[in-house]
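Asks: The structure's right below; bear with me while I get my questions together.
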2 protein chains.
Amino acid sequence: MNIAIPLFDGFTALDAVGPYEVLSRLPDARVSFVANAPGPKRNDKNSLALLAEVRFEDAPAPHVVVVPGGPGVRAMLEDGQLVGWIRAVHPTTVWTTSVCTGALLLGAAGVLAGLEATTHWLALERLQEFGARPAGRRVVVQGKVITAAGVSAGIDMALALAARLAGDDVAQAIQLGIEYDPEPPFNAGSPQKARPETVALVRAVATARDRRSSP
Amino acid sequence: MNIAIPLFDGFTALDAVGPYEVLSRLPDARVSFVANAPGPKRNDKNSLALLAEVRFEDAPAPHVVVVPGGPGVRAMLEDGQLVGWIRAVHPTTVWTTSVCTGALLLGAAGVLAGLEATTHWLALERLQEFGARPAGRRVVVQGKVITAAGVSAGIDMALALAARLAGDDVAQAIQLGIEYDPEPPFNAGSPQKARPETVALVRAVATARDRRSSP
């Protein structure tokens, strides 16, 4: 089973590596990091570089696609090459998935039209630009399309996907293998649960970042 | 604040990237991936490569060290260079931490002698080889040393560390930023919670892998 994870500069590392860690443990998984121009792709903090090793043209028919998000999504929405690849491969995938604002790239490729979908809570309303219905759940399954909420939600999404691909026994073994028995030290992981000051702080930091990166 | 994450071939990707995603969001964080010989370091599945960009000798005094684990730990225990670097920097760190079997490398560097510590559940008893007392908790804090259980536990560890470094408000904002409100699809993330068949399966897969990689 071929699993393709596209990378681009400005991606969020955990968006890609969370699902990777789960899906790469499937018994017959062959995971590739793909890009228009292979090479190191730097994350949104610029301090991490993951190698993309396969060209889009050499990954024409992946069974599973996992599109990460991050501030670099904005440039990818303008660039068109990644979106074009998603549009080209989606008809023959078994599952097309996204984490965080990777959903906006699925949206731009036309994948989400008429579907419920989720993304990072800060970007949820933007899904409507692509004809999707924003759903505030952590993992949203619609036919063969799965969208996950922000960053860490990709781990939950990938375990749910692993169960669909290989059965509950295998998915549970993967969960135990990565000892995924979360104990967050705070109850602050969603805007409904965090304190209003925390929500305001995260919103302000994101707004400042977006302003800096505007042309 | 300088945060150093050593990499080596055969590391487990999420061990490194989980804490990275949290700690890199601290306001004054400068995170470096360090190695004896910089360049791409391939993970335990060989399908992911993360760039190490700083030599050990150029990271002589990090404030925070996060040592990931993975099957590659075995070779690192024999190689000695990573262990030597941990031994050299530990006296001046503010926090020395590990994820998963990275704890064995801390142990080999003498960091865990007389301390409680944790690691991946499959390796827990091995901590005694280094004079540590195995503790089955997910995150174990002992003075300035923090060890985390397997793979995904590094995210919980890093959030607890972020709170100690920058306060609860910042740690909660990071948790909300990465939308860490976990919803594992199964209750199988620890050997106490998983079904006995699942525990046996994961143990068998790990034993087979260790046999294959033995000299």
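The values are calculated or read from the model by the stated rules, or taken from the named source; none is laboratory data. From a predicted model like this one, the values you see are computed outputs, not experimental measurements. Neighbour counts are summed over all protein chains in view; Cβ atoms, including those assigned to glycine, are modelled from backbone coordinates with ideal geometry.
Asks: For the stretch A:1-31, how many residues meet the condition of being facing chain B (nearest Cβ under 7 Å) and of a type in the set (G, A, S)?
Replies: 3
Asks: Select, from B:A160, B:A123, the only residue that is in contact with a Cys (Cβ under 9 Å, 6 or more places away or on another chain), surrounded by fewer than 23 Cβ atoms within 10 Å (Cβ to Cβ) and of a type in the set (G, A, S). Let's see the steps before the verdict.
Replies: On the way: B:A160 fails: in contact with a Cys (Cβ under 9 Å, 6 or more places away or on another chain).
Result: B:A123 is the single residue among B:A160, B:A123 that is in contact with a Cys (Cβ under 9 Å, 6 or more places away or on another chain), surrounded by fewer than 23 Cβ atoms within 10 Å (Cβ to Cβ) and of a type in the set (G, A, S).
Asks: Residues of the stretch A:105-123 being within 14 Å of chain B (Cβ to nearest Cβ) and more than 12 Å from A:V141 (Cα to Cα), which ones? Talk me through it step by step, then tell me what you get.
Replies: The initial filter retains those residues of the stretch A:105-123 that are within 14 Å of chain B (Cβ to nearest Cβ), namely A:118-123.
Correct list: A:T119, A:H120, A:W121, A:L122, A:A123.
Asks: Only one of B:T118, B:T92 is buried (at least 20 other Cβ atoms within 10 Å of the Cβ), over 16 Å from B:L14 (Cβ atoms), at pLDDT 95 or above and β-branched (V, I, T); which? Break it down into steps so the answer makes sense when it comes.
Replies: Details: B:T92 fails: buried (at least 20 other Cβ atoms within 10 Å of the Cβ).
One residue alone meets the criteria, B:T118.
Asks: Tell me yes or no: at least one residue of the stretch B:56-63 is within 14 Å of chain A (Cβ to nearest Cβ), assigned to a strand (DSSP E or B), out of contact with any Pro (no Cβ under 9 Å at 6 or more places or on another chain) and within 20 Å of A:L48 (Cβ to Cβ). Before the answer, list the steps.
Replies: Going residue by residue through the stretch B:56-63, those that are within 14 Å of chain A (Cβ to nearest Cβ) are B:59, B:62.
Cutting the leftovers down to assigned to a strand (DSSP E or B) gives us none.
No, the stretch B:56-63 has no match at all.
For (1) under 30 Å from B:V54 (Cβ atoms); (2) assigned to a strand (DSSP E or B); (3) of a type in the set (F, W, Y), each residue gets a yes or a no:
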residue	(1), (2), (3)
A:S32	yes, yes, no
A:K45	yes, no, no
A:L50	yes, yes, no
A:E78	no, no, no
A:G84	no, no, no
A:T97	no, yes, no
A:L105	no, no, no
A:Q128	no, no, no
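Asks: Sticking with this one: Within the stretch B:46-65, is there a residue that is farther than 20 Å from B:A158 by Cβ and within 13 Å of the chain's Cα centre (by Cα)?
Replies: No, because not a single residue in the stretch B:46-65 is farther than 20 Å from B:A158 by Cβ and within 13 Å of the chain's Cα centre (by Cα).
Asks: In the stretch B:127-138, is there at least one residue being surrounded by fewer than 19 Cβ atoms within 10 Å (Cβ to Cβ), among the basic types (K, R), farther than 30 Å from A:L7 by Cβ and more than 16 Å from the chain's Cα centre (by Cα)?
Replies: Within the stretch B:127-138 (the criterion being surrounded by fewer than 19 Cβ atoms within 10 Å (Cβ to Cβ), among the basic types (K, R), farther than 30 Å from A:L7 by Cβ and more than 16 Å from the chain's Cα centre (by Cα)), the answer is yes, since at least one residue qualifies.
Asks: Kindly provide the set of residues from the stretch B:53-71 that are under 30 Å from B:R211 (Cβ atoms) and either surrounded by 23 or more Cβ atoms within 10 Å (Cβ to Cβ) or charged (D, E, K, R) (or both), ordered by number.
Replies: Restricting attention to the stretch B:53-71, the residues satisfying the condition of being under 30 Å from B:R211 (Cβ atoms) are B:66-71.
Across the stretch B:53-71, the qualifying residues are B:V66, B:V67, B:P68, B:G69, B:G70.
Asks: Restricted to the stretch A:166-206, and to residues that are in a helix (DSSP H, G or I), aliphatic (A, V, I, L, M) and crowded, with 21+ Cβ neighbours inside 10 Å, which residue is farthest from the other protein chains (Cβ to nearest Cβ)? Don't jump to the end; show me each part of the working.
Replies: Initial filter on the stretch A:166-206 (in a helix (DSSP H, G or I)): A:166, A:168-177, A:196-206.
Restricting the remaining residues to those that are aliphatic (A, V, I, L, M) gives A:166, A:170-171, A:173-174, A:176, A:199-202, A:204-206.
From what is left, the residues that are crowded, with 21+ Cβ neighbours inside 10 Å are A:171, A:173-174, A:176, A:202.
Working: A:A171: 7, A:A173: 5, A:I174: 9, A:L176: 5, A:V202: 5 Å.
So, considering only residues that are in a helix (DSSP H, G or I), aliphatic (A, V, I, L, M) and crowded, with 21+ Cβ neighbours inside 10 Å, the one farthest from the other protein chains (Cβ to nearest Cβ) is A:I174.
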